[in-house]
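Since the structure comes first, as structure tokens, the remarks are kept for the end.
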């Protein structure tokens, strides 16, 4: 039976659902010139939801275990909401310049956020699937937002077809897990997976689930869609699908693999380590050949997913905490990287080629500095944020007695250095190309927020321990 | 009065925080950036001098310690402390940086504020490396250093600067990331990144061997030792004068410092077992790289190769000590070897810094570094020629200059261990003299080579100040190395005790 505690636990999601519907209606009455109303309302909705997530007096689980509310879910939700708000701030100018400043963008993004929130709180296979599909369907539509662009449409179709295939795989795997264990509830699946002596049917299910997860993460060899979608989608959409969903994907992996299939962990850990090494190789080597920054960042995402998966194979709370820290650090850094592309873009000019950043240090030294912080952070050079994430993951891998994996990861981190440095090289060492001396015309909120966002990558030098502390506590590590 | 100040934090953060106003001085007011950064570096130098009164030379322990919790969950601390070795290197850093800032006054004209800010950040990070007592903190400083240096070479460097700076970055990053994996492994053994804990943790022979090689890659690239030295000539040639000076005078020392802080005390048994590898590599550096220096046509490249050869002495001195302590049970001479290595590091800091400054002086006037474009400089620049010849003599290890002291001690120690090693090492005195004096002959002496040389102006006051300051340091420690050796004696004696005891678990 549904009771009041259940409803209270679900309050943030309920609020978000109602608010999205209200926003959709409101937007109908807003003139295009007044679109800022929708924009600020969307940010306000995210803020209120975050406050509800933060402040709610929730039960640890609701609706008979369908919906889980624990520290992991809370931190992931807060991060997703924060990153989405950043995306909205960065995207406004870009959307306006391209006649894409429409209410649908906000509504679809918010629906995707809702899907992610359910995904990271799922306690049941059905919930996982519902959350995932809500996220995925919104994303397909977002990628196709620029409907006159051939590249965009191609990306959307590719994304949709491959995404649907992945969902099918996942669903098939879930059905086998259901067949093997007789339940959809993750905690019961966990108990059954621990107890089962001959889990061949279950393992078949695990294989399909891992494949589905690999697709959603964009882990090699299931990464084919990722560069095309990142490049084809309008940058305002790329920044969204490139950041927050990685957090959700981590949440989904944690729920499915650890909460659900923890009993057969050695099996999926082996599969994940193969995916991780393949992703590190494909991502880092593929990125070297790219001249398009969005495409390069797409390959860099693949390599980062590889690192994230390395955190998962440890199978201890410290490993999950490291992976979650990694996901958060990646999402925060990626928003700046894509945000910078939008900062430099203007009507009729995308600024998405690496060469478009030529001589940025002469034109806009401050933003060249922010971008270089971002690149060094993605490359994992101390004292920037990305280094601590890499350090924690390496620590988790060494802890799991997988020294060779740590060495492989280290080798590919060296390979990865090259293409990040190339962006810095272009900004600092190359002269500005002819006719590129235009002033930046990004709006003030974006300039300020992206500066803060970029500086935080450096300032977290002092504060990353606190963030790691939250992550660790969420997984039950107490000091 | 300074005893209660957090002097080390001040030393690290004063230049780094000071870089912010320098950066904000903007592109259009270069003089403001110059004066501001000069002020900051001089202040930093004074603060580093203020370390000396409260510092107890006779004590081998880490002093002036500061310990704050950084990451409580992982037991990582912001833990700083210095012993005599660190103090000597910190003084070298702060002293050299002042001269570098002064030296850049006339030769850097574009984006002065960024250049100065990068220099200041670099200074703070290098001091951090010498102070860190927590391995993770050390690693953060050690790697963080690459960022300003990358920018310095890439923006203000020569024609092939992009190639050189990328090579520099990737090479050194390659070296150190394996050290990170090694440190994490040690962390699980010791339960913390505290250097003293890592030094005490027991390790089996296999573990030590792996860790030793992880450290070796990191520090050998930094020193750099043959055969991983190839980034250095490129980086040196393309770097602006200030970058070359910092690179040669201080950054290379971090490799030697790493051997003394990490390799020897953490993996003493493996260090002893594989000392022959390092000794062989050092001898190759001393002899072979010396011959390579002989054929260079670019002055900066020649000095870069000579740096590699001289740093070979440092690694030789450090690792010959292991043979002396363990096999021959001669700890006193082992101390001499490490002393020699340390004195050689400091002295090479002054000499190579001065040599690169000299080349910078010529380059600012002629915009070429090729030896064949010069000749007879003494006729037009007598004051410069005097100083250049003096530094050249110091570079060949002339008695009375600091270059002699370190090399002599290392050869003495090597002789006690194995006369053949000493004989090989002593080759450097001949080869070093050959390439340096030949350089002097071709650049300084002889007839005036061409019209450009004929029009050269002698040193101005600023340049004279820089070179004379270097010269005084070289002369001081050449005639009277006692303060230097007294400063470093206690920690070195302690280190020799440490490597005497096996760690086999």
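When a/c is below 1.5 the answer is rounded, else prolate if a/b is larger than b/c, else oblate, so apply that to region A:270-357 with a ≥ b ≥ c taken from the square roots of the Cα gyration tensor eigenvalues. Oblate, because a/c is 1.5 or more while a/b does not exceed b/c.
Give the average over all directions of the projected area of the C-alpha convex hull of chain A, one decimal, in nm².
21.5
Separation of region A:141-155 and region A:94-134 by C-alpha centroid, Å? That distance is 17 Å.
Please find the FRET efficiency linking residue A:154 to residue B:386, where r is the Cβ-Cβ separation and R0 is fixed at 60 Å, and quote it to the nearest 0.05. E(calc), rounded to 0.05, equals 0.25.
Take the Cα of residue A:432, go 7 Å toward its beta carbon, and the backbone nitrogen atoms of region B:99-123 under 15 Å from that spot belong to B:111. Projected onto their three principal axes, the Cα atoms of region B:177-259 cover extents of 44, 24, 16 Å, largest first. For the Cα atoms of chain A, what angle does the longest principal axis make with the long axis of helix A:365-379, in degrees from 0 to 90, nearest 10? With both axes taken from Cα atoms, the answer is about 30 degrees. Per residue of B:105-115, other chain Cβ atoms within 10 Å of the residue Cβ number 1 on average. Please state the shape class of region B:1-93: rounded when a/c is under 1.5, otherwise prolate if a/b exceeds b/c and oblate if not, all from the C-alpha gyration tensor. Oblate is the answer for region B:1-93, as a/c is 1.5 or above yet b/c matches or exceeds a/b.
For region A:212-322, relative contact order (Cα pairs under 8 Å, six or more residues apart, normalised by length) works out to 33 percent.
The DSSP beta bridges internal to the protein assembly as shown are antiparallel in roughly 95% of cases. At a Förster radius of 41 Å, what calculated FRET efficiency corresponds to the Cβ-Cβ distance of residue A:24 and residue A:462, to the nearest 0.05? That pair, residue A:24 with residue A:462, gives E of 0.45. Kirkwood analysis of the Cα pair distances in the protein assembly as shown returns a hydrodynamic radius of 30.0 Å. Legend: ranking of residues A:94, B:78 from fewest to most surrounding C-beta atoms inside 10 Å; resulting order B:78, A:94. The C-alpha atoms of chain B define a longest principal axis, and helix B:331-366 lies at about 30 degrees to it. Please give the helix A:265-288 orientation as an angle from the longest Cα principal axis of chain A, in degrees from 0 to 90, rounded to the nearest 10. Computed tilt is about 10 degrees. Which distance in Å, rounded to a whole number, links the C-alpha centroids of region A:261-297 and region B:61-87? Result: 37 Å between the Cα centres. Among B:373, B:458, a tally of other beta-carbon atoms within 10 Å of each Cβ gives an order, fewest to most, of B:458, B:373. In this label model, residue B:427 and residue B:163 are separated by 2.9 nm, measuring between points 7 Å along each Cα→Cβ vector. Within region B:356-397, list the residues whose amide N lies under 15 Å from a label point set 7 Å along Cα→Cβ of residue B:452. From region B:356-397, the list is B:359-377.
Considering only alpha-carbon pairs that sit under 8 angstrom and 6 or more positions apart, the relative contact order computed for chain A is 15 percent.
The P(r) of region B:290-448 has a tail past 27 Å containing 28 percent of all C-alpha pairs.
Express as a percent, rounded to the nearest 5, the fraction of DSSP beta bridges in chain B (both residues included) that run antiparallel. Present the calculation step by step, with values, prior to reporting the outcome.
Working: 9 of 10 bridges.
So the antiparallel bridges amount to about 90 percent of the total.
Give the shape of chain B as rounded, prolate or oblate, defined through the alpha-carbon gyration tensor: a ≥ b ≥ c are the square roots of its eigenvalues, a/c under 1.5 means rounded, and otherwise the shape is prolate if a/b is larger than b/c and oblate if not. Cα axes put chain B in the oblate bin. The distance separating the Cα centre of region B:418-457 from that of region A:378-448 comes to 43 Å. Residues B:97, B:325, B:333 in ascending order of nearby Cβ atoms (within 10 Å, fewest first): B:333, B:325, B:97. Working from Cα pairs under 8 Å separated by at least six residues, relative contact order for chain B is 16 percent.
Only the coordinates and a few stated rules stand behind these numbers; no lab work does. Computed from a prediction, not measured in an experiment: that's the story for all the values here. Cβ coordinates were reconstructed from backbone atoms using ideal geometry, including for glycine residues, and neighbour counts include every protein chain displayed.
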